[in-house]
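Student: Encoded as structure tokens, here's the structure I'll be asking about.
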Amino acid sequence: MLDGTVYSGSHWQRYATAETDEAHDYIRRAFFDVKVRFAGGSRDGAGLRTITTRLTDIGVTRLHYSARTQVQTAPDGDLTTTHLMSGRFMIARNKDEYRLRPGDVVLMLPDQPQEAEFDDVDSFTTRLPRALLEEAAHAQTGISGADLRFDSSRPISAALGRHWTQTLSHLTRSVLCDPALMANPLVVGNTRHLLAATALAVFPNTAHGPALRAAGEVTPRALRRAVTYVDDHADQPITLDQVAAAAGVRPRALQLAFRRHHDTTPMRYVRQVRLERAHCDLQAGSPTTGVTVAMIATRWGFTHLGRFSTDYRAAYGCSPSHTLRT
């Protein structure tokens, strides 16, 4: 999934121990509390080696753990997912047992204890805060945070499981490898919400259930307030709840109004405005001054240059580099 060059830089923190108790303490601090049922040593003791970084409140960890261990989890509501690259990993609750193969993805249920057993694992683990998941679920479906529950450790489908690993791999290579991007508030905001939205799409949860329902009328004046807010704050992180608050309406009502009157969603409108701002910067820029397409795209929160170029060409009929050169 990742090569060693991705982990260069002081923002990646390394840890290693051969002591079993220290390894278990690390797991409790980094992921979730565990009650150890069995811990069998290996030739190098616990053999725990990790390298980790944080994107504000999101933790990302590459973990090697050679000892065979059985635990019971005591979750705290945050969302921990693991992409198994090698080794043996099994998770179970009651009679539901999930034995991973290399390449599989597992969700540690955030609200229910589970039995887990792992042996000589090499994995890539992410930890997303509960508040971020609740915010994303509310923005997409209107569900309240108290009603958000995850029902299974398995992805909804193998294809969605691959979508999770591909999304994480892209973000790791394009954002987490660059401290400057990790300090860009637009990039950070987009990355956090992309991971949350992807997790909600990949793993079964109660946000999949609510159907669209009438949420009240949005007046033209309220819709104009929403548009003005986006136009005035496009260079800052923006959430659906913020736009709805500026308009004085509920998020679901605002979504329906944007679809009805603008044939888009509020957050797609945000992306459209940022694309327009990037277009203006490309028109005003010059390669002779050292300005690049990547610099302008990143300024407006576009970290995937290929997707940015595709969207730009669809909107303006030429490549961003052509606009910058002319």
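Student: Looking only at the range 306-326, count how many residues are β-branched (Val, Ile, Thr) and either in contact with a Lys or Arg (Cβ under 7 Å, 6 or more places away or on another chain) or in a loop (DSSP other than H, G, I, E, B) (or both).
Tutor: Count: 1.
Student: Something else: Is it fair to say residue 235 is modelled with pLDDT of 85 or more, assigned to a helix (DSSP H, G or I) and open to solvent by 50 Å² or more (accessible area, probe 1.4 Å)?
Tutor: Spelling it out, it is not the case that residue 235 is modelled with pLDDT of 85 or more, assigned to a helix (DSSP H, G or I) and open to solvent by 50 Å² or more (accessible area, probe 1.4 Å).
Student: Out of curiosity, is residue 226 at pLDDT below 90 and among the aliphatic types (A, V, I, L, M)?
Tutor: The answer is no for residue 226.
Student: Need the failing condition index for residue 93 against (1) touching a helix residue (DSSP H, G or I) at 6+ places or on another chain (Cβ under 8 Å); (2) farther than 27 Å from residue 45 by Cα; (3) among the basic types (Lys, Arg), just the number.
Tutor: (1)
Student: Name the residues in the range 83-108 that are touching an Asp or Glu at 6+ places or on another chain (Cβ under 9 Å) and touching a residue at least 40 places away in the same chain (Cβ under 8 Å), would you?
Tutor: 83, 85, 91, 93, 98 - these are the residues of the range 83-108 that are touching an Asp or Glu at 6+ places or on another chain (Cβ under 9 Å) and touching a residue at least 40 places away in the same chain (Cβ under 8 Å).
Each row is one residue, and each column tells you yes or no for (1) under 22 Å from the mean Cα position of the chain (by Cα); (2) aliphatic (A, V, I, L, M).
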position	(1), (2)
40	no, no
83	yes, no
96	no, no
99	no, no
106	yes, yes
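Student: Only residues that are hydrophobic (A, V, I, L, M, F, W, C), open to solvent by 20 Å² or more (accessible area, probe 1.4 Å) and out of contact with any Pro (no Cβ under 9 Å at 6 or more places or on another chain): list them for the range 32-52, please.
Tutor: 36, 38, 39
Student: While we're looking at this one, here's another question. Would you mind stating whether residue 37 is among the basic types (Lys, Arg) and either outside any strand (DSSP E or B) or farther than 25 Å from residue 196 by Cα (or both)?
Tutor: Spelling it out, residue 37 is indeed among the basic types (Lys, Arg) and either outside any strand (DSSP E or B) or farther than 25 Å from residue 196 by Cα (or both).
Student: Report yes if residue 295 is under 19 Å from residue 196 (Cβ atoms) and not in a loop (DSSP other than H, G, I, E, B), otherwise no.
Tutor: In short, no.
Student: Taking the range 276-320 as the search range and keeping residues that are over 25 Å from residue 172 (Cα atoms), small (Gly, Ala, Ser) and at pLDDT 90 or above, which one is surrounded by the most Cβ atoms within 10 Å (Cβ to Cβ)?
Tutor: 319
Student: Can you tell me which residue among 131, 136, 146 is surrounded by fewer than 19 Cβ atoms within 10 Å (Cβ to Cβ) and under 16 Å from residue 195 (Cβ atoms)?
Tutor: Only one candidate passes the filter, namely 131.
Student: If you check residue 249 against the conditions, is it open to solvent by 20 Å² or more (accessible area, probe 1.4 Å), among the β-branched types (Val, Ile, Thr), farther than 25 Å from residue 188 by Cα and not in a helix (DSSP H, G or I)?
Tutor: When the stated conditions are applied, residue 249 passes them.
Student: Quick one: in the range 200-223, which of the residues that are among the β-branched types (Val, Ile, Thr) and within 30 Å of residue 126 (Cα to Cα) is modelled with the highest pLDDT?
Tutor: Checking each candidate, the answer is 202.
Student: Among (1) surrounded by fewer than 15 Cβ atoms within 10 Å (Cβ to Cβ); (2) modelled with pLDDT under 95, which single condition is residue 93 missing?
Tutor: Unmet for residue 93, out of (1) surrounded by fewer than 15 Cβ atoms within 10 Å (Cβ to Cβ); (2) modelled with pLDDT under 95: (1).
Student: Can I ask one more? If you take the residues in the range 53-84 that are aliphatic (A, V, I, L, M) and open to solvent by less than 40 Å² (accessible area, probe 1.4 Å), which one is modelled with the lowest pLDDT?
Tutor: Among residues in the range 53-84 that are aliphatic (A, V, I, L, M) and open to solvent by less than 40 Å² (accessible area, probe 1.4 Å), the one modelled with the lowest pLDDT is 67.
Student: Name every residue in the range 106-128 that is over 29 Å from residue 43 (Cβ atoms), at pLDDT 95 or above and not polar (S, T, N, Q), in order of residue number.
Tutor: Result: 107, 127, 128.
The values are calculated or read from the model by the stated rules, or taken from the named source; none is laboratory data. Remember, predicted model here, so these are calculated numbers, not experimental data. Cβ atoms come from the backbone with ideal geometry, glycine included; neighbour counts cover every protein chain shown. Note: accessible area is taken over every heavy atom of the protein model, side chains too, but ligands, DNA and RNA are not part of it. Shrake-Rupley method; radii C 1.70, N 1.55, O 1.52, S 1.80 Å.
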